[in-house]
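Right, one structure below, let's go through it.
The values are calculated or read from the model by the stated rules, or taken from the named source; none is laboratory data. Worth saying up front: this structure is predicted, and the values here are computed from it rather than measured. Methodologically, a virtual Cβ is constructed for each residue, glycine included, from the backbone with ideal geometry; neighbour enumeration extends over all protein chains shown. The protein model used for the area step is the full one, side chains on, heavy atoms only, and it has no ligands, DNA or RNA in it. Shrake-Rupley method; radii C 1.70, N 1.55, O 1.52, S 1.80 Å.
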Amino acid sequence: MLLAVLVAYGATTDRLPELPSGLDVAFHAFVVLPAFAAAIWLALPLARSTTKRLLALAIAAGILAAACSLLGAGSAGNVSKLACYALVGFCFLTLFEELWWLALVALLVPWVDVWSVAAGPTEYVVEQRPGIFEHVAVALPSLGETATVSIGPPDIVFFALFLAAADRFRLRVAPTWLAMTGLLAATLVLVWAWDDVAGLPALPAVCLGFLVPNADLLWHDVRRARTRPTEST
């Protein structure tokens, strides 16, 4: 149901009244972004599926996104991309046998993303090949405008990965979703506030949103992993 609402919203935004700049940012931060993020939360039961099923669903969603793009159904294709990347994130979770592995990834990934956006592949694609980014990114359409706010595939993949990890390892799912979504919304506001900035790395917000509400549980798991060899001797 929510996916249908997102498709309908994306298909009708250009016919809706345009909002002033400040209100538009607030609408994205408090309505549009949370709605897209909520779709990932509602899909969490799929994260418990087998790897083969998740891969099949991700491939099917990717094919559907490409087909919709070719047929001119941009809004349906956009939501299909969201589903594809979220399913990929769920699939990646099957690679992590220990919770502390995810904590380590959450600590390291933001630095890679900062470099990529500042002077790496993301900076090159956004500045030199913007068409590529527009094709692969998930758009958060603006009311009454053809311009959109876009979120890159890795941001959605890691959002889904960490949210599914919170569910699988019995962490705090709701606070994790709220923290990741809230920090992503804050990132959008910062991009709007700094007019001379084309974009900011989003993965620090996603990773911090996973680490902060679960810090004590993650630390407990790290300590448990460190003492395990001693206990077995």
Practice task
Starting from region 72-152, pick out the GluC sites (Glu not before Pro) whose DSSP state is loop and whose Cβ has at most 16 other Cβ atoms within 10 Å.
Solution key: Glu97, Glu98, Glu145
Exercise for the section: Treating the angle as unsigned and between 0 and 90°, give the value, to the nearest 10°, between the Cα long axis of helix 173-193 and the longest Cα principal axis of the chain. Expected result: 40 degrees
Exercise for the section: Could you state the angle between the C-alpha long axis of helix 33-42 and the longest principal axis of the C-alpha atoms of the chain, as a value from 0 to 90 degrees rounded to the nearest 10? Expected result: 50 degrees
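Mind pulling up the Rg/Rh value for region 148-190? Radius of gyration and Kirkwood radius, both on Cα. Write down the numbers at each step before the final one.
Details: Rg = 11.3 Å, Rh = 11.1 Å.
Expressed as Rg/Rh, it is 1.02.
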Practice task
Please work out the average accessible area per residue across the chain, using the 1.4 Å probe convention, and give it in Å².
Solution key: 54 Å²
Problem - Hull volume in cubic angstrom per residue (convex hull over the Cα atoms of the chain) - result: 128 Å³
Practice task
Output the Cα-based Rg and Dmax of region 48-90 in Å, rounding Rg to one decimal and Dmax to a whole number.
Solution key: 10.5, 33
Practice task
Evaluate 2.2 N^0.38 Å with N set to the residue count of region 1-128, then give the Cα radius of gyration divided by it.
Solution key: 1.24
Handout entry: Heavy-atom accessible surface of region 17-76: percent carbon and sulfur, 1.4 Å
Key = 76 percent
Problem - Mean separation of Cα contacts under 8 Å (6+ apart) over length of the chain, as relative contact order % - result: 26 percent
Practice task
Give me the net charge of Gly89's neighbourhood, meaning all other residues with Cβ under 14 Å from the Cβ of Gly89; Lys, Arg count +1, Asp, Glu -1.
Solution key: +1
Completion exercise
So the angle from the long Cα axis of helix 2-12 to the longest Cα principal axis of the chain, reported in degrees to the nearest 10, equals 30 degrees
